[in-house]
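One structure below.
The values are calculated or read from the model by the stated rules, or taken from the named source; none is laboratory data. These numbers come from a predicted model, not from an experiment. Cβ atoms come from the backbone with ideal geometry, glycine included; neighbour counts cover every protein chain shown. Ligands, DNA and RNA are excluded from the accessible area calculation, which covers all protein heavy atoms including side chains. Shrake-Rupley method; radii C 1.70, N 1.55, O 1.52, S 1.80 Å.
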Amino acid sequence: MSDPRPILFFDSGVGGLSIVARARVAVPQARFVYVADSAGFPYGIKDEAEIAGRVPALLGRLAERYSPRLIVIACNTASTIALAAVRGALDIPIVGTVPAIKPAAAHSRTRTIGVLGTAATVRQAYVDDLAKRFAADCHVIRHGSADLVTLAEAKLRGEAVAVESVKAAIAPMLDAPGADAMDTVALACTHFPLLAEELAQAFGRPVTFVDGGSGIARRIAHLTTGESFARTAPDLAVFTGTIGDGLDQALATYGFPSCIRL
């Protein structure tokens, strides 16, 4: 019998759409529900206690409402802080999004890599552990930027994003000791792949950007192998607060024909 349960994607904003794009290729038959916690946006400037309390409670309510077969926390900040708590609270598969330090280190030839995320993500012990386990022989340059998140959301709303604004947001990373040798950067925020073109111009030299999107898509496909799917309703985007002007059009291009406020 076909199963109508959707896959639920969760982020503080619309950065998680960068994950959705890869997942659609991996599981094209699945129904998606995308939830943006716009009432709590942005997560990257909040303290750990607030995120640790908010995310599991909200996902619990969303699981009751939408009965997903699987939840993807398409947010590095929420994942590095609250992933374990969410998995402990819900009896369905939970896929997290964590900084792609392992593939960044594997790719680097200079052994100098960057981790570009939000301030709340790059300071986590979780990131310390990833660097210790997978990039022990690398010089790791971290930088947290809330401005890049804002710029990515603006781009999705259809606003022009100046490369100079992106360059200003990453200036501390470019000015860090040893940055001249940095050849690979882990984009540790799901918003940032949406600015891939602008970031490449802002760096001004050959740098490889890596993120976890493809790996997450493969994980979703693996966890749903052999399952049946029934698309009994269109894909849906849900906002916990304000729906920004222009986002409905952007969401439609990612396969969400309608969006509602929770």
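Numbers below:
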| item | result |
| --- | --- |
| Projected-area mean, segment 177-241, by convex hull of Cα positions, square nanometres | 7.9 |
| Among ILE101, ILE45, ILE81, residue whose mean-square fluctuation peaks in a GNM of the chain (springs only between Cα atoms under 10 Å) | ILE45 |
| Kirkwood-type radius of segment 99-206, with distances r between different C-alpha atoms, in Å | 13.9 |
| Along principal axes, Cα extents of segment 142-204, largest first, whole Å | 36, 20, 17 |
| Distant-in-sequence amide H partners of PHE209 (H built 1.01 Å from N, under 5 Å) | VAL185 |
| Label-point gap, in nm, between ALA171 and ASP3 - each point 7 angstrom along Cα→Cβ | 5.1 |
| Radius ratio Rg over Rh of the chain, counting only Cα atoms, Kirkwood formula for Rh | 0.96 |
| Spin-label zone in segment 67-101 - amide nitrogen under 17 Å from a point set 7 Å from the Cα of ARG218 along the C-beta vector | 95-101 |
| Volume of the Cα convex hull of segment 210-262, divided per residue and given in Å³ | 129 |
| Length released on extending from HIS107 to ILE45, taking residue separation times 0.36 nm less the Cα-Cα span | 19.3 nm |
| Sequence of SER79, SER214 when ordered by accessible area, the most exposed leading, probe 1.4 angstrom | SER214, SER79 |
| Over segment 107-148, equivalent-ellipsoid semi-axes from the Cα gyration tensor in Å | 19, 13, 6 |
| Residue-wise HN-Hα coupling along segment 236-243, computed from phi with Karplus coefficients 6.51, -1.76, 1.60 (Hz; x: Gly, Pro) | 9, 10, 10, 10, 7, x, 5, 9 |
| Long-range HN-HN contacts of SER258 with modeled amide H, under 5 Å | ALA237 |
